[in-house]
Structure formats: structure tokens, C-alpha cells
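A.B. asks: To start, I am sharing the structure in question, which I have written as C-alpha cells.
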Amino acid sequence: MGAEPMVALVTTDLTVGGMTCAACVKRVEKKLGKLDGVTATVNLATGRARVSHPPQIGPDELVATVERAGYTAALPEPPRKQQPEERGRESEDARQERDRLLVTALLSVPVLVLSMVPALQFRNWQWLCFVLAAPVAVWGAWPFHTRAVRGLRHSAATMDTLVSLGVVASFSWSAYALFLGGAGAPGMRMPFSLVPSASDGLAHLYLEAAVGVPLFVLAGRFLEARARRGTGAAMRSLARLAAKEVAVREGGSERLVPIEELDVGQVFVVRPGERVATDGQVVEGSSAVDLSLVTGEAEPVEVGPGSAVVGGAVNAGGLLLVRATAVGADTQLARITKLVTEAQAGKAKAQRLADSVAGVFVPVVLALAVTALGFWLGAGADPQAAITACVAVLVVACPCALGLATPTALMAATGRGAQLGVLVTGPQALEGLRHLDTVVLDKTGTLTSGHMSVARITVVPDGLGRAAALRLAGAVEQGSEHPVGRAIAAYARRETGERLPEVGEFSALPGKGVRGRVEGRLVEVLAPDDELPAGPSVEVDEAAAHTPVLVYVDGVAEALIEVGDVVRPGSYRAVDRLRRLGIRPVLATGDREAPARSVAKALGIDEVHARCTPQDKAGLVRDLQEQGCRVAVVGDGVNDAAALAGADLGIAMGSGTDVAIGAADVTLVRGDIEALADAVRLARRTLGTIRTNLVWAFGYNVVTVPLAMVGLLNPMLAAAAMSVSSLVVVGNSLRLRGRQPSPAAAARRRTR
């Protein structure tokens, strides 16, 4: 019997509600993973689940599975339809959380003050505290109670289970002390200590813990939610770049239509100050467009008829008419948003360990709390000391920090990367960037501009001069379709700043060049040849890296023009920065040996491989990997796709082909090779942040849970410490939002 055919998996995103800690994440992943052929990655920070499943398992079954685990689930709606309702829903939820926190604080503060300051305890103060604490323990902590009961129905224990049990235990013991333990006596006074103390004959009240636990946890989660929304600020910025309406030009008239109705091929208007509605090509007008929010490049780009523009760019100058070339999900902005969203769904290797721990964390904490209670009672200790230790263990443990360690750092880093023009596909790409030691660089379109341009002009002494020779050469080349001719004509127009004169009697000389009459003078632009008259006194060998042409005017050689693919601005700095980061650059190109070595020499690259076929590049990558190198490939063309896919890390230039971008793990959106060093630095900083978060999350629990078990931690302080632990993790991740590119790059942006 033959092997069963492979079934292509389908990827579905779900919005999951009700998750509060890493234990929730692990439970949802485990429930989905029990379905045949299904794997899921759940992100606590975004509330999203990315599910890979066979086609026969539909989204409805996935949603039902999540709901059976005790959580809510839904398919995310398209952004345009979702935004108004989503914003209203989010603001309503945030308002309810804020109101619950404010009311809880107003009721809790008097209880905390009276319980902690014996001098303020008046006659029957404890009964006032009980009246104020009751609504906090019930209504203020209601979200924890409901989620705990829901988890109990599904045989699951989460962070909410611990908080709910801590509040119920504290309040129940206080009620017992008041009504049955003698603490309700009118003149009772209760001392306060940061460390639980022995009984003085009366049962102590723990109303400060009953109100302090929900107060501190609610405050912590409110601040945490605000901070987590901050990590997604870059994503919201990208979403705001999308236009809602567009002015379509048809038959000389304009009409305003929703962006969803715009079709490829239609011409739309972009006025000064407006955003370009979608990717397109300028058909009329000229202006400068600001791409900083799309590609991270601060310098405005001049565009005119024939120029490509990107949706989301801001028109900083004149009126533009643009023909749409891509709409909807096919636009560059949509692809950027999708890449960032997908990147945030991944998990670093260290987080997988944290998830494994989180799966058993809450049951272990419950077992430790019961153990502490039993130990203290078995040792003959006072019951309230046993209750204190048990409650402290319940509320001090914090799986939230474990669940937030990676996703918050990823959200901040990928969002910041998108702002800097660097897109990563996930934590695996970040890990690959961090461990790089060799990078294989393509030449054309990566280190160089990718199109022909005039590199150098050498003129004959005492001749017509540079400006005149260039003007005449550009005029005669206007009639040429050869790339060299077009490059000379374009360069001449830019340099002279005026319209070039007309050419007459134009003729092309196959294999040699062109000839024509300009302003009554015979102008010839010819390739150097042994049969041609002597040209300017320069060595043609010096131009081996470029295509040289000689300019003759009335039969007299006046200039040598070298045309070639010029090195990108910043390529030298980029290569130098990579070396400083401990990464060895290798140049591999399909171009000739001479131009390849010329570029390598200019950039200080020692290892060069010229005339490489796509197979040769892929083979070079394999050879380097066999030598033990961690190899990245940077490229922009179809010929780079195989090497990109075979490398430890594929990096595509944003100006490259869809094939190259699709095979890459990292995309440099702004097409600037210098962004690669920024990407490496950001990756190293991000993974360092994730490790710090996880060390803190593990270390916090390792230290505080034993302290609580031996009775050295007050339950109220335990609740505060638990909330602070999550805030520390989120705050540490937020530092990545301010991650700046290299000092040199930042300085250049400021001076532009």
C-alpha cells in the first residue's frame, strides 16, 4: 500500500476571550490540540489563537472546542466592519473595568487605613470595615469568582481560582472572627504587622486582605491592560494608515467611493496632505511623498508620471493622479500588517518552557497552599496563622508574568521593527537574527541600486567641458532604447535641469552606439574600440566595473562616460556595522567578476563569488552551513529565492520581487541594507528582554511562594507583589518601543 497523501492544512485565527494567565493559554492550546491534526498557538497579550487544522475541521468546531474549555471564541471580522463596533466594545469594557476599580478603591481605602493604623481604630470600627469590605469581596471580586466557577465546571484552575479562593478565605475567616471568635467586641483593637504575628487570644481580622487582594489585582490588571495596549500602538498606527474613502477620476469628473469599491486600473486623486489610498502608479502630476510611517524612511521621495507609490504614504506636494495597481489584501500596507500580526502569534523557545510550567502551575500552587495549611495545623500552630499562610500562598503566586513574558516583548519589538522598516515573521526569525555569524549578500538591487546610472565622467583637458559634453551626449541618447543610453539621457536631464535639445539624423550603430546631429554638430556616443580614434587620456581598464562609452563631437573625443549599477548610499556603513556586530559579509552575485570585485573592494568585503546561478547560491549556503556557520541570505530577486529558503535566515529587500519576499524570514521594507544591522540589534535586545522577563517570572515565584508558606508574607502585601510582578514584565517589554536605530542612522534621520 502506498503512503497516504499529505493533506494541506488550513490556518484559522480566532479571537479568544476570558484568558487571564498562562494557565489559560495552555488549556486552550491543549483543548484544540486534542482535535485530530490540529495545532494551535495562543497569544495572551493579543487574545488571539492561530490554529492549523485539516480542511474537514471547520471554524465552528474550533470555536465550540474553545467554548467547551470555558472561554469565549469568535472568528475575527474584517477590520473595516470590525472597527466601529470593536472600538465601542473595547471602550465599554475599559470603562467598566475603570468603574469597578474606582468603586473598589473608595470602599477599600478606609478598610486598609483603619486596619493598618491602630491609632485610628474607634469603637466598633471593625463593623464599619466589615460593611465596607462585603461589597468589595463580592462585587469587586466578582470577575474573579465567575471565572473561577467557570473553570471549576470545566475542571480547570487558573489565576482567577487563586485570587477568588484568597478573597473568600480572608473574608470568611474575618466573618467567623467577628461573629464567633470574639473580634466583634466594641472596644477591640487590632495591631498591624507586615509579618503575620501570633494570636493574642482573639481571632484576628483579615479584612485588609479581603479588600486588598481584589483592589491590587484589579489595579494591576487595569494598568497591565493599558500597557499591553501600548505594545500594540504600532499595529494601530498601521491600521490608521488605511484610507476609508477615495476620490475616483472618471471621464473628467470625480466621485467619492468607499475604498472597498476601488478596483485595480481605476484612477484616483491624491491632493496635497492626503494619504495615497492604495498602491498604484502615478499617471499625472509630480510631488514628494512621505513614506516614514510605511517604510521607516524619513526622507521624502520625489515621484512623477510612471513612479510607483505605496498606499498609506502622505502626499507632501502637488496634486497626483494615480492608477491603482493593487487593492485590499494585495497592497504593501496590508502585507506589512499581516506579517506583523503573524509575527506576534509566535513563541520563542524559552516561552515553550514557561508554557509547560504554566500547565501545572495553578494545581501545584493549590497543593502547596493546602500543604501549608495542613502543616501549620498539624504542628499545633494557631488556626489563623495557618489560614494566613494558606491565603498568602494563594494570592502571591503569579502565572500571569509567565504568560506575558514573550507576547508583550514580541508585540513591542515587531511593532517597533515595523516603524523602523524591518518586518520579521516571528520569534524564530528573531532567534535566527541573534545567532547570525555569516551573511551572504546579493549585489544587484541589494548593495547596489539595481538600475543603470552614470557613475563617472572623465573629460579631455581644454575640451568642451563636462557640462557641454554631457548635454550633447544626453541629447543624442534620447533616441536610444538601450539601458546605457536611457541612463545617460536621464542623468543629463537631471544635471542640466533643462530640456535637452532635439536630435536629428539619428542612427543606431549595432554593437557600437548611436550617432546624431545636435545643434548642427555631429555627436557620437560609442563603445571603446581598437579601431576608434584615441579618446581621453584615461585607462579604460579603470572602468572595468562599469560600461564605458566615448563621446565624440565632430569626430573629436571629448569625454569618457562610465555607466553602471551604483552602490546604494549607506551600503558601506551597513557592511561595516555588520562586521562590528561579529557578522562576516560574503558577496554572491550573478554579475561578472570585475563589477563584483569592484563593489566588494568599495565596501571592504573580502570573500566574493561572481557569476553565481541560483543553484550556485544555494550550494554556497549549504557549504557555509557545513562549515558550522549560521547563514543569512539577503536578496531581492527570483534568482535569490532558493538561497533565501535554504539559509538559516532569509532576508528580502522590500523593493524586491514577491517570490523573494515570500521565501524570506525578514523583510527590509524600506529597501535599505543598513536596516539589517538595526534588525540584528533589535533581535538581540528583544530576546534579551524575553529572557529577563522569564527569569523574573520564574524567580519571583521561586522566592515568594516559600516565604508565604513559612508565614513571612502578609496576604495583602502578597497581592500587591503579585500585581507588581506582571507590571514589571510588561514595563520591561515596553522599553523596546523606544528602541532606536544605530546612533549614526538616527543622526542622519534627524538632519534630513
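The values are calculated or read from the model by the stated rules, or taken from the named source; none is laboratory data. Predicted model, so just to flag it, every value in this text is computed and none were measured. A quick note on method: Cβ atoms are made from the backbone with ideal geometry, for glycine too, and the neighbour counts reach across all protein chains shown.
A.B. asks: Evaluate the range 398-421: report whether one residue or more is over 28 Å from the mean Cα position of the chain (by Cα), farther than 20 Å from R681 by Cα and among the hydrophobic types (A, V, I, L, M, F, W, C). Steps first, please.
C.D. replies: Within the range 398-421, the first condition is being over 28 Å from the mean Cα position of the chain (by Cα), and the residues that meet it are none.
Scanning the range 398-421 turns up no residue that is over 28 Å from the mean Cα position of the chain (by Cα), farther than 20 Å from R681 by Cα and among the hydrophobic types (A, V, I, L, M, F, W, C).
A.B. asks: When only residues in the range 1-25 that are touching a Pro at 6+ places or on another chain (Cβ under 6 Å) and at pLDDT 85 or above count, which is farthest from R48 (Cα to Cα)? Give the steps one after another, and end with the answer.
C.D. replies: Going residue by residue through the range 1-25, those that are touching a Pro at 6+ places or on another chain (Cβ under 6 Å) are 7, 10, 12-13, 15, 21-23.
Adding the requirement that they be at pLDDT 85 or above leaves 10, 12-13, 15.
Working: V10: 16, T12: 10, D13: 7, T15: 5 Å.
So the residue we want is V10.
A.B. asks: Which of the residues that make up the range 406-430 are surrounded by 24 or more Cβ atoms within 10 Å (Cβ to Cβ) and polar (S, T, N, Q)?
C.D. replies: T406, T408, T414
A.B. asks: Do we find a residue being of a type in the set (G, A, S), touching a residue at least 60 places away in the same chain (Cβ under 8 Å), part of a loop (DSSP other than H, G, I, E, B) and not assigned by TED's automatic domain parsing to the domain that holds K26 anywhere in the range 126-135?
C.D. replies: Within the range 126-135, none of the residues are of a type in the set (G, A, S), touching a residue at least 60 places away in the same chain (Cβ under 8 Å), part of a loop (DSSP other than H, G, I, E, B) and not assigned by TED's automatic domain parsing to the domain that holds K26.
A.B. asks: Here's a follow-up. From the residues in the range 442-473 that are within 46 Å of the chain's Cα centre (by Cα) and of a type in the set (G, A, S), which one is modelled with the lowest pLDDT?
C.D. replies: Our first condition is that a residue be within 46 Å of the chain's Cα centre (by Cα); within the range 442-473, this holds for 442-457.
Applying the additional criterion that residues be of a type in the set (G, A, S) yields 445, 449-450, 453, 455.
Details: G445: 70, S449: 73, G450: 66, S453: 80, A455: 82.
The extreme case among them is G450.
A.B. asks: Working carefully through the options G511, G535, G570, G485, find the one that is closer than 26 Å to S449 by Cα and at pLDDT below 75.
C.D. replies: G511
A.B. asks: Hey, does the range 483-498 have a residue that's assigned to a loop (DSSP other than H, G, I, E, B) and closer than 19 Å to T547 by Cβ?
C.D. replies: No: zero hits.
A.B. asks: Continuing with this model, one more query. Scan the range 626-639 and give yes if some residue there is within 29 Å of the chain's Cα centre (by Cα), surrounded by fewer than 19 Cβ atoms within 10 Å (Cβ to Cβ), closer than 29 Å to G426 by Cα and modelled with pLDDT under 85, otherwise no.
C.D. replies: yes
A.B. asks: What is the residue count in the range 672-721 for residues that are outside any helix (DSSP H, G or I), out of contact with any Phe, Trp or Tyr (no Cβ under 8 Å at 6 or more places or on another chain), within 23 Å of A367 (Cα to Cα) and not polar (S, T, N, Q)? Break it down into steps so the answer makes sense when it comes.
C.D. replies: First, the residues of the range 672-721 that are outside any helix (DSSP H, G or I): 672-674, 710-714.
Narrowing further to those that are out of contact with any Phe, Trp or Tyr (no Cβ under 8 Å at 6 or more places or on another chain): 672-674, 710, 712-714.
Restricting the remaining residues to those that are within 23 Å of A367 (Cα to Cα) gives 710, 712-714.
Next, from what is left, pick out any that are not polar (S, T, N, Q): 710, 712-713.
Residues flagged as outside any helix (DSSP H, G or I), out of contact with any Phe, Trp or Tyr (no Cβ under 8 Å at 6 or more places or on another chain), within 23 Å of A367 (Cα to Cα) and not polar (S, T, N, Q) within the range 672-721 amount to 3.
A.B. asks: Where residues in the range 640-653 are of a type in the set (G, A, S) and buried (at least 24 other Cβ atoms within 10 Å of the Cβ), which of them is modelled with the highest pLDDT?
C.D. replies: Among those residues, the one meeting the criterion is A647.
A.B. asks: Take G280 and tell me if it is over 24 Å from A679 (Cβ atoms), crowded, with 22+ Cβ neighbours inside 10 Å, at pLDDT 80 or above and of a type in the set (G, A, S).
C.D. replies: Working: over 24 Å from A679 (Cβ atoms): yes; crowded, with 22+ Cβ neighbours inside 10 Å: yes; at pLDDT 80 or above: yes; of a type in the set (G, A, S): yes.
In short, yes.
A.B. asks: Could you list, in sequence order, all residues of the range 113-149 that are at pLDDT below 85 and either under 30 Å from L44 (Cβ atoms) or in contact with a Pro (Cβ under 8 Å, 6 or more places away or on another chain) (or both)?
C.D. replies: Across the range 113-149, the qualifying residue is only P118.
A.B. asks: Pick out, from the range 545-598, the strands (runs of 3 or more DSSP E) lying fully within it that include 3 or more residues that are assigned by TED's automatic domain parsing to the domain that holds T438 and closer than 21 Å to L624 by Cα. Before the answer, list the steps.
C.D. replies: Values: elements: 547-553, 556-567, 584-588.
Strands (runs of 3 or more DSSP E) meeting the threshold: 584-588.
A.B. asks: Also, I was wondering about something else. Pull up the range 431-486, narrow it to residues that are of a type in the set (K, R) and either surrounded by 18 or more Cβ atoms within 10 Å (Cβ to Cβ) or out of contact with any strand residue (DSSP E or B) (no Cβ under 6 Å at 6 or more places or on another chain) (or both), then point me to the one that is farthest from H609 (Cα to Cα).
C.D. replies: My answer is R471.
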